[in-house]
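Read through the structure below, which is laid out as structure tokens, and then see the notes.
Rule-based calculations on the coordinates, nothing more; no lab input. This is a predicted model, so every value here is computed, not measured. Backbone-built Cβ (ideal geometry, glycine too); neighbour counts: all protein chains shown.
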């Protein structure tokens, strides 16, 4: 019996060693067991039940992962998917990760990059990206009539070791998708022009994600390596919340139940779809509260993340769902939403707007301050902005032209003594212009 097991192990090793040089490999087998994958230097670390004893580190709410010992660790239920993607990327296959918003597609790519010890470069795809400018463009010089070729960031990434992640590739134009599939197979940027042609670095891999929001492309249907990721289940959300935020682990079941009720309420045309990222962001805010048992304070944080982005009628329904779960009196809900006016206080060190505060830089305080009437709606919006800034969360203000979006942000910037840099973004703006100027 022992000899048969040894023979099976040897056969398995021969299959794995052959797969390293086989570029035509279409079927990739990955064992469920914790094992070394094609390289003795990298090992998948399975998450154990003794995470708290080893010391868990808090992670960003936008990352569906668990940290300990400075190592990215995948959920046990997602380990097979992670191993499949690692094996595909290690063999230089162009892989596509499919799944709904917030299911952990980007984290799988980060997990692969961490496992293979390669940097990860992320590029958001869209219909504004053109196949002709994907790898670079000609720029004017100081000499009239003279132009120079300047490579794009994408072309530079292909010439150095790393993993290039193309998010929402199905949102790109058909010619861009065809071009990317071709270069992934040919491993060169532009075979039609030798001046602009540059070969891939041998350690460059390309991964793409699809959320199903874009148009269906027949070219992508021909990609053989596809990893399908489902939405996070209640058990997975509970594990993430309990391990990342142990202070509120006893509330995880109630929070998940409330989140599902809010998520399943039928939306309107302007409603925003909630994802697991929103759930984890709400948990992160609750974990930082001085008193977790204070229902009104918990209610204020949860509706800020889950409800108030919707139109007024629907957001009121969502707020009532959360209030009933937290046993908040309807009168308190009405007071919080329609009567309460947060107090604005500041001194030489800090600025407080309602329940949030930020440090103040007196050296940057202007003599002529931006004037804005502190009405109830304005101060409530300022409070929400300050809360987001204090938690380092991204924020999107939506409204018609001239309603005061920039004025409110300018008022907050003047209060805390920082310079507000305004960048006008148009449909023709791309990431290179925004970052590099």
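Of note:
- Its convex hull of Cα atoms gives segment 344-416 a direction-averaged projected area, equal to a quarter of the hull surface, of 5.1 nm².
- Cα-based Rg and Dmax for segment 234-339, where Dmax is the largest Cα-Cα distance (Å): 13.2, 38
- The value of relative contact order for segment 234-339, using C-alpha pairs under 8 Å at least six residues apart, is 25 percent.
- Label-to-label distance for residue 202 and residue 253 is 5.6 nm, based on points extended 7 Å past Cα in the beta-carbon direction.
- Value of Rg to Rh for segment 64-156, rounded to two decimals, is 1.14; Kirkwood radius and Rg both from alpha-carbon coordinates.
- Label zone at residue 340 (point 7 Å along Cα-to-Cβ), backbone N below 15 Å, segment 256-293: 286, 289-293
- Calculated log₁₀ intensity ratio I(q)/I(0) where the Debye formula runs over C-alpha points of segment 202-276, q = 0.11, 0.18, 0.20 Å⁻¹: -0.51, -0.92, -0.98
- Calculated FRET efficiency for the pair residue 143/residue 371, C-beta based, R₀ 56 Å, to 0.05: 0.70
- Computed from the C-beta positions of residue 308 and residue 159 and an R0 of 41 Å, the FRET efficiency is 0.35 to the nearest 0.05.
- Measuring nothing but how far apart in sequence close Cα pairs (under 8 Å, 6+ apart) lie, relative to its length, segment 344-416 scores a relative contact order of 37 percent.
- Relative contact order %, segment 96-149, counting alpha carbon pairs below 8 Å whose residues are six or more apart: 16
- Between residue 406 and residue 175, the distance separating the two model label sites (each 7 Å from Cα on the Cα→Cβ line) works out to 3.4 nm.
- In segment 112-154, the convex hull through the Cα atoms has an average projected area of 4.8 nm², a quarter of its surface area.
- Spin-label model, residue 226/residue 288: points 7 Å from Cα along the beta carbon direction are separated by 4.0 nm.
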